[in-house]
Amino acid sequence: MPTNSQGPALTLPIGKRDHIQGPETAPCSLVEYGDYQCPHCAHALPMVKEVQNKMGKQLKFVFRHFPIASLHEHAQTAAEAAECAGVQGKFWEMHDMLFQNYKTLDDDHLMHFAGHLELDIEKFEQDMENHIGKEHVHEDFTSGVRSGVNGTPTFFINGVRYDGDYDADSIVKALKEAIKAK
């Protein structure tokens, strides 16, 4: 696994395959590996939004799937649902909805969320049945394992795993330090 003096590094660089919020040219990136059924990830959602708000155009945020199926029976299906919503241009809306409802991610609820987001339900259902998001989720998971992810949420700042405190101010401070270090 690639490492540097600060800790493990991302093995898969941010690219077109990723779900990204913020400018491509932002001087700093924050990558989160998360599991939609993980309570810690769900609780991190408002913190991530606060970080994004404080950093503005200086931050590119990337979410990658890391479903821990051995602990969370619906995590894989939920990740695939986010990918299926993404096909219809609503990845981030589904992403937020899944975390806001992390305790209720069975198939019936996923269909309800798709309806709430006004997705084409027939297409969503077909895409889910065909597991069109499975490969993307697997690629994310594999890249996480290779990058030293062993739990969720795990964050990387400019490609280096962040091992500091999980509050908005601490992450913003680390992001600003990463910008200065460039």
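The values are calculated or read from the model by the stated rules, or taken from the named source; none is laboratory data. Since we're looking at a predicted model, the values are computed, not measured. Ideal geometry is used to build each Cβ from the backbone, glycine not excepted, and the neighbour counts take in all protein chains shown.
Descriptive notes on the structure:
- Filtering the stretch 50-63 to residues that are within 24 Å of His136 (Cα to Cα) and not β-branched (Val, Ile, Thr) leaves Leu59, Lys60, Phe61, Phe63.
- Some residue of the stretch 3-12 being in contact with a strand residue (DSSP E or B) (Cβ under 8 Å, 6 or more places away or on another chain), under 17 Å from Glu93 (Cα atoms) and in a strand (DSSP E or B): no
- Those residues of the stretch 23-50 which are within 15 Å of Tyr162 (Cβ to Cβ) and either of a type in the set (S, T, N, Q) or out of contact with any Asp or Glu (no Cβ under 9 Å at 6 or more places or on another chain) (or both), in sequence order: Cys28, Ser29, Leu30, Glu32, Gly34, His40
- Counting only residues that are buried (at least 20 other Cβ atoms within 10 Å of the Cβ) and over 16 Å from Ser170 (Cβ atoms), the stretch 22-60 holds 10 of them.
- Tabulated pairs, the stretch 104-115, first closer than 9 Å to His74 by Cβ, second modelled with pLDDT of 95 or more and in a helix (DSSP H, G or I), C-beta under 6 angstrom, 6+ apart or interchain: Leu105/Ala78; Leu110/Ala81
- Identification of helices (runs of 4 or more DSSP H) wholly contained in the stretch 91-182 with 3 or more residues that are of a type in the set (D, E, K, R) and within 20 Å of the chain's Cα centre (by Cα) yields 134-146.
- Every residue from the stretch 45-70 that is touching a residue at least 24 places away in the same chain (Cβ under 8 Å) and part of a loop (DSSP other than H, G, I, E, B): Phe66, Pro67, Ile68
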